[in-house]
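In what follows, a structure is listed as structure tokens, so that the remarks can point back to it.
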Amino acid sequence: MTHRKLQPGKLVIASHNAGKVREIRALLAPFGIEPVSAGELGLPEPEETGTTFAENALLKAHASAQGSGLPALADDSGLCVAALGGAPGVYTADWAEKERFEGGPGRDWYMAMGKVEGKLAELGPDTDRSAYFICTLALAWPDGHQEVFEGRVHGSLTWPPRGTLGFGYDPVFVPAGRTETFAELDPAEKHAMSHRADAFHKLVEAVF
Ligand code: IMP
């Protein structure tokens, strides 16, 4: 399959999530790309109405490419827990959404991690705690061309949460072969093994 090459210059990071923008900037640093975030350009965040990671990543990438006239890169990612049938999956961010009575709107990642843990606890002490993070990266150009890449990292869930680095569900995710959570690992170490890095390596091979 031939992929369209990404030329040096501006690239919109089609995300309003500060943690993702920070990681994507770090991953793009070596490639002569000038990342500019959708937030900095004042681009609206489209509603994530898709039912798959790829659909949602493409929605975000196309919205930013159309809105800016520049190529745009979007990340749709989530946590899939084996014993929960792959949940929260595409709804990973929604599980953190606070209700009005909880002081919302806004997201509370400790509440979200607690929901996952609560559901695992209901299944009993011997429940399989394996899980993976998935990251789908979509690149879209203003003329409508698109490219999609997917990465994963396997591991297991721990409780209680540990560590203060990273973002989202990092404090409960222990990658396979390690004892630390993603929130305890140095960001460079997380970048070397994460689902985002895996998807990014595929993107780099294809478009740079
Ligand atoms: P969305 O891609 O905006 O739908 O959100 C996916 C959610 O998955 C994020 O807001 C995070 O909570 C979670 N997530 C994705 N990647 C990571 C990661 O690297 N660490 C921890 N949580 C993540």
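The values are calculated or read from the model by the stated rules, or taken from the named source; none is laboratory data. Since we're looking at a predicted model, the values are computed, not measured. Using ideal geometry, Cβ is built from the backbone for each residue, glycine included, and neighbour counts are taken over all protein chains shown. The area values use the complete protein model at the heavy-atom level, side chains included, leaving out ligands, DNA and RNA. Shrake-Rupley method; radii C 1.70, N 1.55, O 1.52, S 1.80 Å.
Hey, can you rank 2-8, 71-77, 158-164, 87-93 by average C-beta count inside 10 Å, highest first? Don't skip to the end; give the middle numbers.
On the way: 2-8: 12.0, 71-77: 27.1, 158-164: 14.0, 87-93: 18.9.
Order by mean packing, descending: 71-77, 87-93, 158-164, 2-8.
Between Gln146 and Arg107, how high is the FRET efficiency from 1/(1 + (r/R0)^6) when r is the Cβ-Cβ distance and R₀ = 41 Å? Nearest 0.05. Provide the component values of the computation, followed by the final result.
Working: r = 28 Å, r/R0 = 0.68.
The value I calculate is 0.90.
Send over a whole-number figure in Å² for the accessible area per residue of the range 37-163, probe 1.4 Å. Walk me through the numbers before you get to the answer.
Details: 6160 Å² over 127 residues.
Ligands and nucleic acids excluded, the result is 48 Å² per residue.
Under 28 Å Cα-Cα from Lys202, which lysines qualify once same-chain neighbours fewer than 8 residues away are excluded?
Lys5, Lys10, Lys20, Lys60, Lys190
Roughly what would the spin-label model give for Arg4 and Phe167, points 7 Å off Cα along C-beta, in nm?
Each label point lies 7 Å from its Cα, and together they span 2.6 nm.
Find which of Ala183, Tyr169, Ser37 sits farthest along the positive direction of the dipole of the chain, computed with +1 on the beta-carbon of Lys and Arg, -1 on that of Asp and Glu, about the Cα centre.
Ranked along the dipole, the leading option is Ser37.
Using DSSP, restrict attention to beta bridges with both residues in the range 9-207 and report what percent are antiparallel, rounded to the nearest 5.
Values: 26 of 33 bridges.
Around 80 percent of the beta bridges assigned by DSSP in the range 9-207 are antiparallel ones.
Measure off, as a whole percent, the carbon and sulfur share of the 1.4 Å-probe accessible area of the range 9-207, all protein chains present. Please report the intermediate quantities before stating the final value.
Working: 4850 of 9110 Å².
Exposed carbon and sulfur together represent 53 percent of the surface.
Suppose every K and R has +1 on its Cβ and every D and E has -1 on its Cβ; what is the size of the dipole of the range 1-98 about the Cα centre, in Debye to the nearest 20?
Details: 8 positive and 11 negative charges, 83 e Å.
Dipole size: approximately 400 debye.
Given Cβ point charges of +1 (Lys, Arg) and -1 (Asp, Glu) and nothing else, what value in debye, to the nearest 20, does the dipole of the chain about its Cα centre take?
Details: 19 positive and 28 negative charges, 73 e Å.
Using Cβ point charges on Lys, Arg, Asp and Glu, the chain gives about 360 debye.
Ser130 to Ala206: FRET efficiency via 1/(1 + (r/R0)^6), r the Cβ-Cβ distance, R0 25 Å, to the nearest 0.05?
Details: r = 29 Å, r/R0 = 1.17.
It comes out at approximately 0.30.
For the range 11-56, state which GluC sites (Glu not before Pro) are in a DSSP loop and have at most 13 other beta carbons lying within 10 Å of their beta carbon. Don't skip to the answer; put the middle values down first.
Values: sites: Glu23, Glu40, Glu47, Glu48, Glu55; in loops: Glu40, Glu47, Glu48.
Those satisfying the criteria are Glu40, Glu47.
Please give the peptides 106-116, 57-67 ranked by average Cβ packing (other Cβ atoms within 10 Å per residue), highest first, as a rough proxy for protection. All intermediate terms of the calculation are to be shown ahead of the outcome.
Details: 106-116: 16.5, 57-67: 23.5.
Highest-to-lowest ranking by the protection proxy: 57-67, 106-116.
How high is the relative contact order of the range 9-207, in percent, counting Cα pairs under 8 Å that sit 6 or more residues apart? Provide the component values of the computation, followed by the final result.
On the way: 379 pairs, mean separation 35.7, N = 199.
Result for the range 9-207 is 18 percent.
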